[in-house]
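Everything on this sheet refers to the single structure shown next.
The values are calculated or read from the model by the stated rules, or taken from the named source; none is laboratory data. Fair warning: this is a prediction, and the values are worked out from it, not measured in the lab. All Cβ positions, glycine included, derive from the backbone under ideal geometry; neighbour counts span all protein chains shown.
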Amino acid sequence: MSHWIAACAVDDIEQEDVARFDHEGRTFAIYRSPDDAFFATDGVCTHEKVHLADGLVMDHIIECPKHNGRFDYRTGKAQGAPVCVSLKTYTVKVEGDRVWINLD
Amino acid sequence: MIRPSEPIIIVGAGQAGVRAALALREQGYDGSLLLIGDEPQLPYERPPLSKQVLLGSREPDQCTIGGADLFMEQDIRLLTGVRVERIRREISSIALDDGATLAYSKLLLATGGRVRTVTVQGAGLAGVHYLRTIEDALQLKAQLLPGQRVVVVGGGFIGLEVAASARTLGCSVTVLEAGERLAARALPPQLSEKLLQLHRARGVDVQLQSRIEAFAGTTVVQGVALEDGRNVPCDIIVVGIGIAPNVELAVEAGLAVVNGIRVNHRLQTSDEHIYAVGDVCEFPSALTGRTMRLETWRNAEEQGKHAARTLLGHDENFSALPWFWSDQFDYSLQIAGEPHMAAHCIERPLTDDGLLIFFLNEQQQLVAACGWGRGNSIAKDIKIAEILIKARRTIAHEALADPAIGLKSLLKGTSDA
Ligand SMILES: Cc1cc2nc3c(=O)[nH]c(=O)nc-3n(C[C@H](O)[C@H](O)[C@H](O)COP(=O)(O)OP(=O)(O)OC[C@H]3O[C@@H](n4cnc5c(N)ncnc54)[C@H](O)[C@@H]3O)c2cc1C
Ligand code: FES
């Protein structure tokens with residue numbers, strides 16, 4: 001069952017950047033890629049519970065602010081030590097000037 | 001890949017040794033692999049010990065680098081609670097404390113360091129603690145009860161992290177630092193000052209230029225006597241005055257050892273079959289070629305991974321930049337690069353008391369950066385600084401000083417970006 005939530009405005013995130021979105025006790029990270037596509041993953045690193053939105057986005061990689069663990073935010077896949085557990089990803093759509101994510 | 005008949009043996013199952021073992025498998029090494037550590041537990045990470053473990057927000061089993069099943073899965077033979085007593089290079093074997101002798105094809109020394117201890121009168125009293133191992137952390141944690149009077153000897157990172165944790169737990173805390181400022185070896189004066197202000201604002205009594213003379217008490221510690229005649233009463237003392245690298249095995253085996261075990265750019269010791277990584281080794285800096293020894297988590301990780309490659313025959317220079325973080329109260333600090341190489345230093349104030357400091361050499365190339373701020377607020381900027389340092393970029397002072405200019409915009413034209 002889909003469960004769409006309006007996460008933020010398109011303009012809230014710059015190209016090749018990330019923003020934090022909290023909803024009902026959960027934290028998500030929303031990304032805008034260099035080619036202007038939007039993606040969403042769980043918002044905390046799987047290594048330690050650190051907010052990924054404080055990290056650096058380069059191309060399609062988010063690098064965790066704490067120990068520089070890397071994930072491909074399109075797939076959530078962990079890119080190697082020290083992170084070994086991948087991130088859960090969510091489908092995203094843009095309607096008008098809003099970014100929506102599907103929390104099902 | 002040639003499959004040696006004898007195992008690759010790693011001595012020391014800390015951050016560097018474990019990372020090397022796992023990376024050897026990631027690199028496709030399918031020969032026999034033995035990881036030996038003298039601590040009884042499964043390998044664990046030390047950074048949480050002075051932070052989350054003391055605060056009670058993380059249990060010891062949440063600090064492990066990998067569970068027992070990971071080592072089984074990766075076919076890494078892990079011997080815990082076993083000490084390597086000797087290296088016999090002439091027959092390429094090591095002797096264990098249980099009498100066994102094991103032959104190796106290649107040996108990796110990742111023996112880390114142990115705490116430096118004080119020798120003053122009263123040093124052996126109950127209530128005097130050090131912090132390096134998980135056992136140390138659990139013993140100390142049991143003592144850090146609200147209202148206890150804690151003296152921390154040493155205003156370096158471990159001492160200050162313990163002070164912050166103890167204060168958060170409701171202890172009354174005094175830090176005694178012999179030098180003129182906090183963490184002076186690693187930090188520029190501006191950040192020492194930030195640390196001092198934070199600790200004082202949170203109620204830690206920081207006393208600079210305080211040299212200890214003796215610990216007072218009959219069986220249990222009751223106070224610290226200072227050289228200037230003052231006496232600081234207390235219930236617990238935590239000593240954090242640095243570590244000594246565990247070089248004895250290497251020295252006895254006749255390997256080159258100065259401040260640590262000397263290695264070349266491939267992390268190879270003076271014996272071509274023996275490598276060394278982590279807190280115990282002294283290696284040539286990628287930026288300056290000067291030898292250095294680092295006691296940091298990321299150095300252990302990066303050198304572990306690098307050694308895995310060079311053990312398998314790749315001829316690659318170790319080129320990771322030094323990088324360090326510390327967490328105290330709700331603030332964090334990060335340092336990247338080599339600040340001591342700087343000719344100029346530029347500050348960029350951030351909102352909410354944060355501060356970035358950039359270090360440039362004579363040629364105006366960025367050589368280091370430090371950041372201070374709440375939570376992980378400065379992490380992104382330090383990461384960008386790292387890329388700029390690696391790219392040996394020359395950068396206008398104004399751009400670095402102006403918080404309105406996003407650092408990411410300076411990456412344009414940098415090949416790593
Ligand atoms: C409390 C604390 C907090 C820290 N916080 C931070 C931080 O915030 N940021 C940061 O960057 N760094 C931090 N560090 C430093 C970081 O943990 C170390 O740099 C890192 O652990 C070094 O790893 P290593 O594998 O080289 O050595 P170690 O972790 O010391 O591991 C070496 C292992 O080898 C074993 N060994 C030694 N000799 C033998 C032998 N003969 N036979 C068998 N085994 C042997 C030792 O017992 C040990 O288990 C902290 C350290 C401590 C103690
Ligand atoms: S918390 Fe993200 S890499 Fe460690």
Residues satisfying the stated conditions in segment A:65-99, i.e. within 16 Å of ligand 1 (Cβ to nearest atom) and touching a strand residue (DSSP E or B) at 6+ places or on another chain (Cβ under 7 Å): A:Gly69
Qualifying positions in segment A:30-54 - of a type in the set (S, T, N, Q), surrounded by fewer than 23 Cβ atoms within 10 Å (Cβ to Cβ) and more than 8 Å from ligand 2 (Cβ to nearest atom): A:Ser33
Set B:Gly337, B:Gly304: member being out of contact with any Gly (no Cβ under 6 Å at 6 or more places or on another chain) and either farther than 18 Å from B:Pro188 by Cα or within 16 Å of ligand 2 (Cβ to nearest atom) (or both): B:Gly304
Residues of segment B:7-61 satisfying the condition of being within 14 Å of chain A (Cβ to nearest Cβ) and aromatic (Phe, Trp, Tyr): B:Tyr44
Condition broken by A:His23, with the remaining ones in (1) away from ligand 2 (no atom under 13 Å from the Cβ); (2) more than 14 Å from chain B (Cβ to nearest Cβ); (3) closer than 26 Å to B:Ala320 by Cβ; (4) over 11 Å from the mean Cα position of the chain (by Cα) satisfied: (3)
Selected residue (criterion: farthest from ligand 1 (Cβ to nearest atom)) from residues of segment B:21-71 that are part of a helix (DSSP H, G or I), surrounded by 16 or more Cβ atoms within 10 Å (Cβ to Cβ) and among the small types (Gly, Ala, Ser): B:Ala23
Given (1) farther than 30 Å from B:Cys171 by Cβ; (2) within 14 Å of chain A (Cβ to nearest Cβ); (3) crowded, with 19+ Cβ neighbours inside 10 Å, index of the condition B:Lys412 fails: (3)
Of all residues in segment A:19-36 being under 16 Å from A:Asp72 (Cβ atoms) and at pLDDT below 95, the one that is nearest to ligand 1 (Cβ to nearest atom): A:Pro34
Selection count, segment B:283-312, where residues are more than 20 Å from B:Val367 (Cβ to Cβ), more than 14 Å from every other protein chain (Cβ to nearest Cβ) and without any contact (Cβ under 8 Å) to a residue 60 or more places away in the chain: 1
Selection from segment B:139-191 of residues that are of a type in the set (Gly, Ala, Ser), part of a loop (DSSP other than H, G, I, E, B) and closer than 26 Å to B:Gly337 by Cα: B:Gly154, B:Gly155, B:Gly156, B:Gly179, B:Ala183, B:Ala184, B:Ala186
Single unsatisfied condition, A:Ala7 versus (1) within 15 Å of ligand 2 (Cβ to nearest atom); (2) part of a strand (DSSP E or B); (3) away from every other protein chain (no Cβ under 14 Å); (4) not polar (S, T, N, Q): (1)
Count of segment B:74-98 residues which are assigned to a loop (DSSP other than H, G, I, E, B) and either modelled with pLDDT of 95 or more or within 16 Å of ligand 2 (Cβ to nearest atom) (or both): 8
Members of segment A:82-95 found to be within 14 Å of chain B (Cβ to nearest Cβ), assigned to a loop (DSSP other than H, G, I, E, B) and buried (at least 19 other Cβ atoms within 10 Å of the Cβ), listed by number: A:Pro82
Enumerated strands (runs of 3 or more DSSP E) restricted to segment B:274-342, each holding at least 2 residues that are more than 8 Å from ligand 1 (Cβ to nearest atom) and within 20 Å of B:Ile389 (Cα to Cα): B:281-284, B:331-337
Residue match in segment B:113-132 (condition: of a type in the set (S, T, N, Q), within 29 Å of B:Ile9 (Cα to Cα) and outside any helix (DSSP H, G or I)): no
Residue identified as surrounded by 20 or more Cβ atoms within 10 Å (Cβ to Cβ) and either within 18 Å of the chain's Cα centre (by Cα) or of a type outside the set (A, V, I, L, M) (or both) among B:Thr111, B:Thr117, B:Thr133: B:Thr111
Members of segment B:395-409 that are within 13 Å of chain A (Cβ to nearest Cβ) and either among the β-branched types (Val, Ile, Thr) or in contact with a Lys or Arg (Cβ under 9 Å, 6 or more places away or on another chain) (or both): B:Leu407, B:Lys408
Filtered residue count, segment B:357-394, keeping only those that are among the aliphatic types (A, V, I, L, M) and within 14 Å of chain A (Cβ to nearest Cβ): 9
Count of residues meeting criterion [outside any loop (DSSP other than H, G, I, E, B) and more than 9 Å from the chain's Cα centre (by Cα)] in segment A:45-61: 6
Residue in segment A:55-70 that is touching a residue at least 40 places away in the same chain (Cβ under 8 Å), away from chain B (no Cβ under 11 Å), surrounded by 13 or more Cβ atoms within 10 Å (Cβ to Cβ) and not charged (D, E, K, R) present: no
